[in-house]
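Heads up, the thing below is written out as structure tokens.
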Amino acid sequence: MGASTGNLLVEDPLALEAIFRDAPVLIVTHCESGAVIKENQQALLKKKTQFSIDDHPVLRDEQACFASSSYAVSLAKKYKSQLHVLHITTAKELALFAAGPIENKSITAEACVHHLWFSEKDYAVLGNQIKCNPAIKSEQDRNSLLGALKTGQIDIIATDHAPHTWEEKQIPYEQAPAGLPLVQHALLSLFDQVHMGKMTLPEVVEKTAHNPAIRYRIEGRGYIREGYYADLVLVDSKAGTMVSNENSLYHCAWSPFAGHRFSAQIKNTWVNGRLMYADQQVIEDASAAMRLVFSAK
């Protein structure tokens, strides 16, 4: 429900009505209003002839997000649909979502690690590196998102991983692709939030493991329980991790966190009970991969 990278846009009202009326499964949507973004572009073109990265949160502003997310929520309520709204970025949108635990909710929301970390002040240094859709917005918005994790208005923390190359990110703002690589340092950024007193460790576990498994009805995952698949991460909360482009494990070979020292360090990662990461190296073992299984109940 918002034009981004690729051609996945669905904004036609008739199509959306049909989806929300008939979808037998959870509806998951990226919410930005193309009409509002176009209005913002036209308004800004009266003041300048060329856009820069500083204009990104102006073009894709609070109203562009709210117009779309409120529309999605209204459709979900109308048709009693199951709806999950991806990467919420504004304080205004939070009023659309109920506080409390995720169980029995029909409408839920998610925040991404970069929207919990960066603010519009970071555009001056990082530029297109943090160009993403929806846009990173104000410090107030970021702090409101962190607060909504406490109330339960935000149910899930995720990434919106998009490993565009360094060269692609260096071209002029309007042509540069949106998105940034996040998977490697997502959990470390959340441990820093814990270290700064913005979150608790149980909240990190709930928002990144328990709640995704509950919302997507993923069988046998999201908890450390007998009979469940062993998807585990061993973290040293005091060892520290200095981030550089050189020690990035991404094929795109850069990170928006380069130059930052995280308070924690990931020691080992197990997937389906297989050790897949140790001694700062990924262990290549394709046989460890398994399909996720989703419950119909």
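Note on segment 13-223: with charges restricted to the Cβ of Lys and Arg (+1) and Asp and Glu (-1), its dipole about the Cα centre is near 420 debye. Taking other Cβ atoms within 10 Å as a rough exposure proxy, Leu190, Leu96, Leu201 sort from fewest to most as Leu201, Leu96, Leu190.
Toward the positive end of the charge dipole of the chain, with +1 on the Cβ of Lys and Arg and -1 on the Cβ of Asp and Glu, the farthest Cα among Leu126, Leu234, Ala99 is that of Ala99. Each of Cys112, Ala64, Tyr79 was scored by the projection of its Cα onto the charge dipole of the chain, and the greatest displacement toward the positive side belongs to Tyr79; charges sit on the C-beta of Lys, Arg, Asp and Glu. For segment 150-205 and segment 27-100, what is the centre-to-centre distance using only Cα atoms, to the nearest Å? So the separation of the two Cα centres works out to 19 Å. Largest mean-square fluctuation among Leu14, Leu94, Leu180, in a Gaussian network model of the chain whose springs join Cα atoms under 10 Å apart, belongs to Leu14. Using a cutoff of 8 angstrom between alpha carbon atoms and counting only pairs six or more residues apart, the relative contact order for segment 140-295 works out to 21 percent. The listed peptides 109-121, 229-241, ordered by packing as a protection proxy, come out as 109-121, 229-241 (highest mean of other Cβ atoms within 10 Å first).
For Rg and Dmax of the Cα atoms in Å, the candidate list reads [x] 18.6, 59; [y] 19.8, 69; [z] 19.5, 62; the entry that matches the value derived from this model is [z]. Shown for the chain are the DSSP H helices of 15 Å or more along their axis, judged by Cα atoms, with a mean Kyte-Doolittle hydropathy of at least -0.5: 34-45, 62-79, 183-195. Note on segment 84-161: Rg/Rh from C-alpha atoms, Kirkwood Rh, equals 0.99.
A short reminder: the numbers here are calculations on the coordinates, not readings from a lab. Nothing here was measured: the structure is a model prediction, and the numbers come from that model. Heads up, the Cβs are rebuilt from the backbone with ideal geometry, glycines too, and the neighbour counts pull from every protein chain shown.
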